[in-house]
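These notes concern the structure reproduced below.
The values are calculated or read from the model by the stated rules, or taken from the named source; none is laboratory data. What you see is a predicted model, and the numbers here were worked out from it, not measured in a lab. All Cβ positions, glycine included, derive from the backbone under ideal geometry; neighbour counts span all protein chains shown.
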C-alpha cells in the first residue's frame, strides 16, 4: 500500500503540564491521518457512512518512543496493511517534521459493519478503491 502523509501541529491543548503531547492524543492523530488518507482517495468517511458502512475500531496499539512537544510539527505516515482481509488494519508512524525523530508507532484494526451494526464483508466499491491504491497488485 502507498504511504499517506498527514502533518499536524501539536497545540497547547494537546500537551500535559510538562509540555509533552498527552499520550491519548496519538490515537486522535491516528484517526485524523486515517481520515485524510480516505479523503485523498476520494472517499471521505461521511460518504462511507452515507452508503451504510462503518469502520469501528476493534483494537488499537501505540508504542511511545520520543515525546512530541507543544508547537512541534509532526508527520503521520499511514499505510493500510493489505494482508488483513476480514477488516482493515492501518499502521502509523509519527515523526518529527524533519523525519529525524520517531515519536510513536502503532496501528488500529477495524471491522466492516453495515447500518444494522452487523459485521459484513467489505463492499465492492471499497475493495476497488483499496485495490487502486495497492502498488503490489500492479495498478
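Table for the structure above
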| quantity | calculated |
| --- | --- |
| From 127, 83, 89, residue being more than 18 Å from residue 30 (Cα to Cα) and not in a loop (DSSP other than H, G, I, E, B) | 127 |
| Cβ-Cβ under 6 Å pairs, at least 6 apart or on other chains, the stretch 119-132 side surrounded by 15 or more Cβ atoms within 10 Å (Cβ to Cβ), far side assigned to a helix (DSSP H, G or I) | none |
| Criterion violated by residue 39 - all others in (1) within 12 Å of the chain's Cα centre (by Cα); (2) in a strand (DSSP E or B); (3) surrounded by fewer than 16 Cβ atoms within 10 Å (Cβ to Cβ) satisfied | (2) |
| Those residues of the stretch 1-26 which are assigned to a strand (DSSP E or B) and more than 16 Å from residue 37 (Cα to Cα), in sequence order | 9, 15, 20, 21 |
| First in the stretch 1-27 and free of Cβ contacts under 8 Å to residues at least 40 places away in the same chain, second anywhere and surrounded by fewer than 13 Cβ atoms within 10 Å (Cβ to Cβ) and in a loop (DSSP other than H, G, I, E, B), Cβ under 8 Å, 6 or more apart | 22/16 |
| Residue list for the stretch 56-68, filter: touching a helix residue (DSSP H, G or I) at 6+ places or on another chain (Cβ under 7 Å) and either surrounded by fewer than 13 Cβ atoms within 10 Å (Cβ to Cβ) or modelled with pLDDT under 95 (or both) | none |
| Residue 78 more than 24 Å from residue 16 (Cβ to Cβ) and touching a helix residue (DSSP H, G or I) at 6+ places or on another chain (Cβ under 6 Å) | yes |
